[in-house]
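Asker: The structure follows.
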Amino acid sequence: CLLKFSVAILAQAQLFSDPQLSRLHLYCSWKMVTSVTSVFFLSLAIFLPSGTSASAANPIRRVVTMLQDMQTKVTEEGEKEQALFDKFMCYCKTAGGDLEASIKAGKAKIVSLEELLKTGKAEMEQLEADLKEHEASRVEAKEAMAAATALREKEAAAFAKFSADSKTNLAALAKAIPAIESGMAGAFLQTAEASNLKRFAMEKADVSDETRQEVLAFLSGKEEYAPQSGQIVGILKQMDDEMAAALKEAEDAEAEAIKTYEALMAAKQKEVEALNAQIEEKLTRKGELGVELAGGLNELEDTKISLAEDEKFLAELEAGCATKEEEWAAVCKMRQEELVALAETIKILNDDDALELFKKTLPSAASLLQVAESTQSLRKRALLAIKEAAKKGSSPQLDLIALALNGKTAGFEKVIKMIDEMVANLKQEQSDDEAKKDYCDKELDTSEDTKKELDLKVSDSATAIEELEGSIATLTEEIAALQAGIKALDKAVTEATAIRKEENADYKELKQSDTAAKEILGMAKNRLNKFYNPKLYKPPPVEEPTFVQVSHHASGKVAPPPPPETFGPYTKKSEGNNGVIAMIDLLIKDLDKELQEAAVEEADAQKEYEEMMAESATKRADDSKAISDKTALKASEEEALMTEQDTKAATEKELMQTLEYIHALHGECDWLLKYFDARSEARAGEIDALGKAKAVLSGADYSLLQTASLRGFRKN
């Protein structure tokens, strides 16, 4: 029991390894087989002090005192272990409650994250549908703007032609009506205005066939005309009024069409701008939502992993706590049995009859020492070899052998057997240490290599994430710049189109005005030539002779009386006429030059406008394609970023597990690696000392018979 108590103390102090404690328990079990009397002699041999006062002490009383001390220590150990057990059970309850709360919170978080992800996916689908709808609406709006612009240009061209024709015809009517009213219809019929008026009456005038025939007959000079009737003048005035009204109506309709077109273009432009803003907003939200969904998926995965780990740890904790309760019940039962055994042993030894018996049967302390002296020399030789080895380093095995040699109750064959077992155990320990050392070296090297690889992967992932984030930011800026460029380009195209229309209208107006001015100047010059230079006069083309009406007019009148005396012959102002004609020619030349320059400028402006439109269309198509490509590239980069972030998180998690494994390896292997050489050397010394002790004891077996004879003699 004393040895068992000593082993328990050594186990709590953690001075020996598990195999060494196992051998100590084995030795104690072997010693427990002996009788109470053998225990008494062993205890007396170990603890008996030298001197006369110790020899006179009662050995039974000493044994009882030792048993009572053991009883006290067992009780104190029970109280300490009870406190430790209470603390452990408190930890089980506290940690279990925390884990249950964490598991509950994790499950609630998973439900919340799944709901958020479901909502986010639905929002993403809605965003994609809205984007598709907005882009289709924008295309439709731009197509409507293009169609309206083409129609407006066609209407404007038709109006310009109608307006020019109407103004020309009105100018002809403005000359024809006064000429007819003043009786100079014949001269008017020879002018270009009469031809234009005839062509208008034939093709476009909205009059009855009978009226058209009368007008055409008059303009052709086939009908006689009576000024007093005023029929042709009335028809022409009616045509003038209708034509003026039609021109006014066309101008009003043109103004209204322009107003409607501008309102439509303004509304469509606002619609396109609103759609662009909505598309940009939806694209931005789509990118942000994609990042949120990726983060939510990662968080959901991490939460599920954490929840599984918490549930696993809680199950292990509950199993461990239940096991510890069972172990504590077994320990309490064993302690109680030990206390009962100690109490009963003390009661047996303190019995009066037993004490009287011990006085008669047991020898005194002095005689016990005398009996032991016969084997002392052999034991000392063996102990000397053990102690020589112990000087190099304390060893529980050597102390155990020394304890057995000092006990004097075990035979040498038992000690030799113990030595053989211990030598085998020491060799096995050495083999285990060598295998463990190889395992530790290999695992530490492999783990360090794995750690370096994971550190490099984490660094590479961080660099890749930084590059991807920079690339995404650059793409976002480039897309915004391209969109702003397209908007500015559309605005520039609209402004250029408006300017081109204004320039073209100015050119047409200038051409029409200059042409009319040239015609008037030509008419003036021709009229002067008719008087001053008849050879240069160019009569207007006529279809029929124009003197019918004149003859008709003359035949219908009474011959006038003779004229009164008047001024003499007229002298032509030829010199002044030449100057006027030269001036008219210069003006016509200036007008031709202006028209030529205007035509060249109009052609250049139209060419530049068409080139600008072509370049703008090409640039817009290129920018739109670049936006599409960059948007796709950005989405790809964002997907790569999320993948790289997941890879980095997984690598960091693997790195953390590797670091924990390395830490555990150091905790398991550092002590062994540090003291491996010293332990190997000490173990070799122990094996050598045990071999020497075995050799000594093997050569002294004959002394057992002498010891037995001496004991028998003293008993007699």
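The values are calculated or read from the model by the stated rules, or taken from the named source; none is laboratory data. Bear in mind that the values here come from a model prediction, so they are computed numbers and not experimental data. Counting neighbours? That spans all protein chains shown, and the Cβs are built from the backbone with ideal geometry, glycine included. Surface accessibility is based on the protein's heavy atoms, side chains included, excluding ligands, DNA and RNA. Shrake-Rupley method; radii C 1.70, N 1.55, O 1.52, S 1.80 Å.
Asker: Name the residue, out of T474, T463, T450, that is under 30 Å from M656 (Cβ atoms), surrounded by 12 or more Cβ atoms within 10 Å (Cβ to Cβ), hydroxyl-bearing (S, T, Y) and at pLDDT 90 or above.
Answerer: Exactly one residue qualifies, and that residue is T450.
Asker: Of the conditions (1) under 24 Å from D98 (Cβ atoms); (2) in contact with a helix residue (DSSP H, G or I) (Cβ under 9 Å, 6 or more places away or on another chain), A294 fails just one. Which one is it?
Answerer: (1)
Asker: Quickly run through region 478-497 and pick out the residues that are small (G, A, S) and over 16 Å from E611 (Cα atoms).
Answerer: Across region 478-497, the qualifying residues are A480, A481, A484, G485, A488.
Asker: Just the residues that are closer than 17 Å to Q645 by Cα and open to solvent by less than 60 Å² (accessible area, probe 1.4 Å), please, taken from region 281-299.
Answerer: Of everything in region 281-299, those that are closer than 17 Å to Q645 by Cα and open to solvent by less than 60 Å² (accessible area, probe 1.4 Å) turn out to be G287, L289, G290, L293, A294, G295, G296, N298.
Asker: Does G106 satisfy the criteria of being under 30 Å from L289 (Cβ atoms) and within 46 Å of the chain's Cα centre (by Cα)?
Answerer: Taking the combined requirement at face value, the residue satisfies it.
Yes/no matrix, rows are residues, columns are (1) within 30 Å of T476 (Cβ to Cβ); (2) modelled with pLDDT of 70 or more; (3) open to solvent by 80 Å² or more (accessible area, probe 1.4 Å):
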{"site": "T566", "(1), (2), (3)": "no, no, yes"}
{"site": "K573", "(1), (2), (3)": "no, no, yes"}
{"site": "D592", "(1), (2), (3)": "no, yes, no"}
{"site": "A598", "(1), (2), (3)": "no, yes, no"}
{"site": "A603", "(1), (2), (3)": "no, yes, no"}
{"site": "K619", "(1), (2), (3)": "yes, yes, yes"}
{"site": "S624", "(1), (2), (3)": "yes, yes, no"}
{"site": "I627", "(1), (2), (3)": "yes, yes, no"}
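Asker: Can you tell me how many residues in region 278-301 are farther than 30 Å from E478 by Cα and either free of Cβ contacts under 8 Å to residues at least 24 places away in the same chain or touching a strand residue (DSSP E or B) at 6+ places or on another chain (Cβ under 7 Å) (or both)?
Answerer: Of the residues in that region, 1 qualify.
Asker: Sticking with this structure for a sec: Of the residues that sit in region 411-447 and are among the β-branched types (V, I, T) and in contact with a Lys or Arg (Cβ under 9 Å, 6 or more places away or on another chain), which one is nearest to I662 (Cα to Cα)?
Answerer: Per the stated criteria, the residue is V423.
Asker: Need pairs with beta-carbon distance below 7 Å; first residue closer than 15 Å to A689 by Cα and within region 421-439, second assigned to a helix (DSSP H, G or I) and open to solvent by 60 Å² or more (accessible area, probe 1.4 Å); sequence gap 6+ or separate chains.
Answerer: N425/P19
Asker: Please count how many residues of region 234-248 are among the charged types (D, E, K, R) and in contact (Cβ under 8 Å) with a residue 40 or more places away in the chain.
Answerer: Number of matching residues: 2.
Asker: If you don't mind, there's one more thing I want to ask. Hey, among the residues in region 254-272 that are in contact (Cβ under 8 Å) with a residue 24 or more places away in the chain and open to solvent by 60 Å² or more (accessible area, probe 1.4 Å), which one's nearest to K653 (Cα to Cα)?
Answerer: If we take residues in region 254-272 being in contact (Cβ under 8 Å) with a residue 24 or more places away in the chain and open to solvent by 60 Å² or more (accessible area, probe 1.4 Å), then E271 is nearest to K653 (Cα to Cα).
Asker: Quick one: would you say E644 is open to solvent by less than 50 Å² (accessible area, probe 1.4 Å), assigned to a helix (DSSP H, G or I), of a type in the set (D, E, K, R) and within 20 Å of I279 (Cα to Cα)?
Answerer: Spelling it out, it is not the case that E644 is open to solvent by less than 50 Å² (accessible area, probe 1.4 Å), assigned to a helix (DSSP H, G or I), of a type in the set (D, E, K, R) and within 20 Å of I279 (Cα to Cα).
Asker: Regarding region 330-348, can at least one residue be identified that is open to solvent by 60 Å² or more (accessible area, probe 1.4 Å) and not in a helix (DSSP H, G or I)?
Answerer: Taking every residue of region 330-348 in turn, none turns out to be open to solvent by 60 Å² or more (accessible area, probe 1.4 Å) and not in a helix (DSSP H, G or I).
Asker: Checking the structure you have, find out if any residue of region 602-615 is part of a helix (DSSP H, G or I), of a type in the set (K, R) and closer than 30 Å to E281 by Cα.
Answerer: no
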